[in-house]
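Please read the structure below before turning to the comments.
The values are calculated or read from the model by the stated rules, or taken from the named source; none is laboratory data. Quick caveat, the model's predicted, so the values are computed rather than measured. Here Cβ is always computed from backbone atoms with ideal geometry, including for glycine, and neighbour counts include all displayed protein chains. With ligands, DNA and RNA removed, areas are computed over all heavy atoms of the protein, side chains included. Shrake-Rupley method; radii C 1.70, N 1.55, O 1.52, S 1.80 Å.
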Amino acid sequence: MKNVFYLLTILFLSLLISCSEDPPIIVDVENLDKKPIRNPPVPLVLEHSLNQIVAGTGERSRRKYEGTIKVWTNYSNTWTRECNGVIKSVAIGDIDGDGYDELIAIKNYITGNGNNRTYHFDLQIWEDGDIDTPTEFIELVEPYRESAMRMAIGDADNDGNENEIVIAGDTYIQLWRYDGNNLIKDNWQINVPSQSFPRYVTIGDVDNNGDNEILVASASTTPSYNYIAVYDFGSTNPIYTIPIPNDDPAGKIEVVNVDDDSDNELIMEGSLQFYVWEFENGNFTPIESENLGGGAIGIVAANFDGISGNEIVVGTGVVGTNSVQVFKYIDNGVGSRTLTKLDGVTINDAVSDIFAGDADNNGDIEFIVGTHRGLLVYNYYSGGIQLDYSDNLNEWVHSVYVK
């Protein structure tokens, strides 16, 4: 009897000790190169182990602004938030340096009526755990005009961290960053001449000197105020001013290598065509001006077909016809390359924005097209353009992003 009691005592103590040990560490073997798993789990805005599509939508109806922020994971709509305003621009990035990406959005809305109307713009940061309201919510001061209000995420100050938000408003260019705890506005700011307003902004090494620059594309109805200004961070005077041929209003800009050499080029959508500039001998030389037969709406470049060199994808629009077209610099056999149209496809809606990324996490790059009524995702292979996914939202998609 004593032996039985002794054995039961030992068994009870061993169970007690095992229950008091720390819980096992969770290791996601399939995604060791991805973000660590949070334990305990929190409600997620973004699925950090996968690329996702983010879109900002919105329309103005009877002076009321309404829109949404939508997230797709492998072509399934996994997160949506209704907004009392139009979502003008969206992006994804690890802005606060915690190892997890945040969702960044700019919302436009109005208050008042008639001559007493006031336009408002809010910068919103959405983070895990706060899936119903943004973690950060900052009103951007914009004194008068209704704006496209675009932003770029990247390493604007060349410190090695892609954690700055550069915002193009109607009258200024601002930079926002985290100071460790809070999102703050940097002292650096550019005031824009009243004759023009910034339409797009991007960050990249456009002069191929090893440092990123901030590029601002401005548009105007006043001659000579359509240009692209290039700034070093900290300087309020442009280091380069790039005039646009034929005084064409500036559109979306990208800094990317498109002619398969060792340097970056600058590409831009125009009113009837798209442009390619190359930095040579201290100046920007327009090396291409491709007429599309309709206004260029949205432009992006990436290696879509998996073959050497990047392709340029541009959206177009003419009365009754909208399309996306693919171009590439092809070796012409005489020691140079010629920009060649590879394919094009007509769509039944007006294009509003284009972005590139691995939208379905299969290792290939797709181009994501926001339209006035929904979302389209295309692959481009040697066989041509193929539709991979579509979502008829019945909403104007102003901005798309993939990360």
Can you give the net charge of the other residues whose Cβ lies under 9 Å from the Cβ of Gly154, counting K and R as +1 and D and E as -1? -3
Would you grab the residues whose amide H sits under 5 Å from the one on Lys252? Only those 5+ places off in sequence or on another chain, please, with H modelled 1.01 Å from N. Glu269, Gly298
About the Cα centre, and with charges only on the beta carbon of Lys, Arg (+1) and Asp, Glu (-1), how big is the dipole of segment 40-127? Nearest 20 debye, please. 820 debye
Within-14-Å neighbourhood charge of Ser323 [Cβ basis; K, R +1; D, E -1]: -3
Could you state the orientation-averaged shadow area of the convex hull built on the Cα atoms of segment 179-245, in nm² to one decimal? 5.7 nm²
Computed FRET efficiency, Cβ-Cβ of Thr222 and Glu59, R0 30 Å: what is it to the nearest 0.05? 0.55
Given points 7 Å out from each Cα along the Cα-Cβ axis, report the Ile330 to Asn348 separation in nanometres with one decimal. 3.1 nm
Sequence-separation-based contact order of segment 153-229, relative, with Cα cut under 8 Å and 6+ spacing, percent: 23 percent
Ranked highest first by average number of other Cβ atoms within 10 Å, how do 160-171, 182-193 line up? 160-171, 182-193
Residue separation times 0.36 nm, minus the C-alpha to C-alpha distance between Gln195 and Ile131: what's the value? 19.0 nm
Indicate the gyration tensor shape class of segment 113-242 (rounded, prolate or oblate), computed on the Cα atoms with a ≥ b ≥ c the square roots of the eigenvalues: a/c under 1.5 is rounded; otherwise a/b larger than b/c is prolate and the rest oblate. oblate
Rank Ile330, Val351, Leu266 by how far each Cα sits towards the positive end of the charge dipole of segment 253-379 (+1 on Lys, Arg Cβ; -1 on Asp, Glu Cβ) and give me just the farthest. Val351
Stretch gain in nm, segment Leu272-Thr78, where the contour uses 0.36 nm per residue and the Cα spacing is subtracted: 66.1 nm
What one gets for segment 309-403 as the Kirkwood radius, inverse of mean 1/r over different Cα pairs in Å, is 14.1 Å
Average accessible area per residue (Å²) across segment 96-228 - probe 1.4 Å, nucleic acids and ligands excluded: 41 Å²
Once you have a ≥ b ≥ c as the square roots of the Cα gyration tensor eigenvalues for segment 205-356, tell me rounded if a/c is under 1.5, and otherwise prolate or oblate according to whether a/b is larger than b/c. oblate
Note the full-extension length gain between Ile184 and Glu280 as 0.36 nm times their separation in residues minus their Cα-Cα distance, in nm to one decimal. 30.9 nm
